[in-house]
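Nothing in this text is a laboratory measurement; each read-out follows from the coordinates by a stated rule. Because the structure is predicted, anything quoted here is derived from the model rather than measured. Because the Cβ atoms are built from the backbone with ideal geometry, glycine has one as well, and the counts that use them run over all protein chains shown.
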């Protein structure tokens, strides 16, 4: 808890929220919030898209309803891979791997 001397040094209307931020970080790490990395294959063309989302069902619907600019021309899609992660950082690392040459080869092997 900050002392009154520290609070007095803050601009008017401001509070020292450093303790709240630390609690927030702990809660974030304890939460069951999941990040999904997924790969979808176009049913009509030779195209695989890899992405990350916190709501896989909604995201697949967006792709198939042509709401995503980068995948619009390739719809409809079939989900070929998905994996859930507790951490955004580990999910992002997996997404980057799947977008690499080795990762794309892995995904093509699933088809």
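So here's what we get for this one:
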read-out	value
Fewest-first ranking of 56, 89, 79, using other Cβ atoms within 10 Å as the exposure measure	89, 79, 56
Per-residue Cβ neighbour rank within 10 angstrom, fewest leading, 50, 102	102, 50
Simple spin-label estimate for residue 99 and residue 79 in nanometres, 7 Å along Cα-Cβ	2.1
Three-way shape call for the range 35-110 based on the alpha-carbon gyration tensor, with the a/c threshold at 1.5	oblate
